Amino acid sequence: MRLIDGRTGIEVIEREECLELLRSTDIGRIAVVDAGHPVIFPVNYAMDGDVIVLRTAEGTKLDAALQGGPVAFEIDDADPRSHGAWSVIVTGWARVAVAPAQLERFEQLGLHPWSEHRKDSWVTVHPERVTGRRIVAEGERAAPDTQA
């Protein structure tokens, strides 16, 4: 059943579909707080259940995870021709993975850095909130089943 936000007319994507969308791609953006300011980085990632996993080197992303700070993670897609688009945003907590069993499992995810720089640290994003929104493409709009 489609849930449409009555104020904006935008479709609300249920949590399970958001997680499916997160599993369907491997490029996203992570937002961390650095010196009191939000900073956003493109990253490649994998999913371990409901947890987002990425690799990083020393620097801002690793520092944020070591501090256990809040993060946001986002993926999206858009079709400029039809004006259809969707977005999934995860907010939660970053952690550095160090448990041997966890690291061994992560190695099996096939997650390899795109850049030539070594990225030996594994960072996980533990979702506290998973939300999604969809703007339905022109010609595909249907009457909403439910108003939010």
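Of all residues in the range 9-42 being at pLDDT 95 or above and touching a helix residue (DSSP H, G or I) at 6+ places or on another chain (Cβ under 9 Å), which is farthest from THR91 (Cα to Cα)?
The residue in question is ILE13.
Tell me whether the range 87-95 contains one or more residues that are touching a Cys at 6+ places or on another chain (Cβ under 7 Å) and closer than 17 Å to ARG129 by Cβ.
Looking for residues that are touching a Cys at 6+ places or on another chain (Cβ under 7 Å) and closer than 17 Å to ARG129 by Cβ, one finds at least one in the range 87-95, hence yes.
Quick grid of which residues meet (1) modelled with pLDDT under 85; (2) surrounded by 15 or more Cβ atoms within 10 Å (Cβ to Cβ); (3) more than 23 Å from the chain's Cα centre (by Cα):
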residue: ARG95; (1), (2), (3): no, yes, no
residue: ALA101; (1), (2), (3): no, no, yes
residue: LEU109; (1), (2), (3): no, yes, no
residue: ARG129; (1), (2), (3): no, no, no
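Among the residues in the range 76-87, are any touching a residue at least 60 places away in the same chain (Cβ under 8 Å), among the charged types (D, E, K, R) and more than 18 Å from LEU21 (Cβ to Cβ)?
The answer is no, given that none of the residues of the range 76-87 is touching a residue at least 60 places away in the same chain (Cβ under 8 Å), among the charged types (D, E, K, R) and more than 18 Å from LEU21 (Cβ to Cβ).
Give the range 52-76 a look and list any residue that's surrounded by fewer than 17 Cβ atoms within 10 Å (Cβ to Cβ), within 15 Å of the chain's Cα centre (by Cα) and farther than 11 Å from GLY28 by Cβ, or say none.
Residue satisfying the conditions is PRO70 alone.
Select, from ILE30, ILE40, the only residue that is among the β-branched types (Val, Ile, Thr), within 27 Å of LYS119 (Cα to Cα), out of contact with any Pro (no Cβ under 6 Å at 6 or more places or on another chain) and surrounded by 13 or more Cβ atoms within 10 Å (Cβ to Cβ).
Going through ILE30, ILE40 in turn, the sole match is ILE30.
Go through the residues of the range 7-26 one by one and say whether even a single one is out of contact with any Leu (no Cβ under 9 Å at 6 or more places or on another chain), assigned to a loop (DSSP other than H, G, I, E, B) and either surrounded by 16 or more Cβ atoms within 10 Å (Cβ to Cβ) or among the hydrophobic types (A, V, I, L, M, F, W, C) (or both).
Scanning the range 7-26, I find at least one residue that is out of contact with any Leu (no Cβ under 9 Å at 6 or more places or on another chain), assigned to a loop (DSSP other than H, G, I, E, B) and either surrounded by 16 or more Cβ atoms within 10 Å (Cβ to Cβ) or among the hydrophobic types (A, V, I, L, M, F, W, C) (or both), so the answer is yes.
Here are ARG15, ARG2, ARG55: which of them is in contact (Cβ under 8 Å) with a residue 12 or more places away in the chain and within 23 Å of LYS119 (Cα to Cα)?
Criteria check complete, one pass: ARG55.
The values are calculated or read from the model by the stated rules, or taken from the named source; none is laboratory data. From a predicted model like this one, the values you see are computed outputs, not experimental measurements. As a convention, Cβ positions derive from the backbone with ideal geometry for all residues, glycine included, and neighbour counts pool all protein chains shown.
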